[in-house]
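Report on one structure; see the data block that follows.
Just so it is clear, none of the values below were taken in a lab; they were calculated from the coordinates. This structure is a prediction, so every number in the text was calculated from the model and none was measured. Every residue, glycine as well, gets a Cβ built from its backbone with ideal geometry; the counts of neighbours run over all protein chains shown.
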Amino acid sequence: MSGKFDAFLVIYNAVMTVASVLSTASVVYTLLNRGLGSLWAGAGHVQVVTHCMALLETVNALLGISRSGALTSFAQWFGKSNVLLCILYFIPELQNNPATALLFFVWSSSEIVRYYYYLLGIVMGKMGPDQL
C-alpha cells in the first residue's frame, strides 16, 4: 500500500466485500428457508442497501480517490439502478420471480469477486493477484 487513500480503499472494499457476501447469503437463505415467494422481503432490501452503498465508488472516482473512471462507474451503477430501483422495486409481480432470484444471486456473488479482487490488489501492491 503506497497511496494516500489506500487505507480508506482497503476499508471500503472490505466493507463492500462483506456486504456482497451478506447479499448473496440473504438470497440463498431466503430461497432455502422461506421460498421464492419471500424473495423480495428476505433479500430485496439487502440488495437495495448494498447497491446504494456502491454509489460511493462513483464518488471515489470523482474525488480521485480511486483509479476507476467516474463516468464508467456511474454508468454501471445507473444501469443496475434502473433494474433494481425503477423496475423491480415498483413492479411487485417481478419481485418474487425466479429470474429475479437468479439476478440477485449473480449480481451479489460477482460483487464478492470484484471487491475482493480490488482489496487484494491494494493490499498486495499489484492489480492482479496470482491467487485469482
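Computed 3J(HN,Hα) for the range 72-81, one whole-Hz value per residue from the Karplus formula 6.51 cos²θ - 1.76 cosθ + 1.60 where θ = phi - 60°, is 5, 4, 5, 4, 5, 5, 5, x, 5, 4, glycine and proline marked x. For the range 38-77 and the range 94-112, write down the distance between their C-alpha centroids in whole Å. Centre-to-centre distance over Cα atoms comes out at 16 Å. From most to least packed by mean Cβ count within 10 Å, the peptides 4-14, 36-46 give 36-46, 4-14. By the beta-carbon count within 10 Å of each Cβ, the least crowded to most crowded order of Met16, Met124, fewest first, is Met124, Met16.
The magnitude of the dipole of the range 6-124, with charges of +1 and -1 set on the Cβ of Lys/Arg and Asp/Glu and taken from the Cα centre, is near 60 debye. Match the structure shown to one of the listed values [x] 23.4, 75; [y] 15.8, 49; [z] 24.1, 83 of Rg and Dmax of the Cα atoms in Å, computed from it, and give that label. For Rg and Dmax of the Cα atoms in Å, the calculated option is [y].
When the helices of the chain are scored as -39500 (n - 2.57) per DSSP H run of n ≥ 4 and the total is divided over every residue, the value at 222 nm lands at -20500 deg cm²/dmol.
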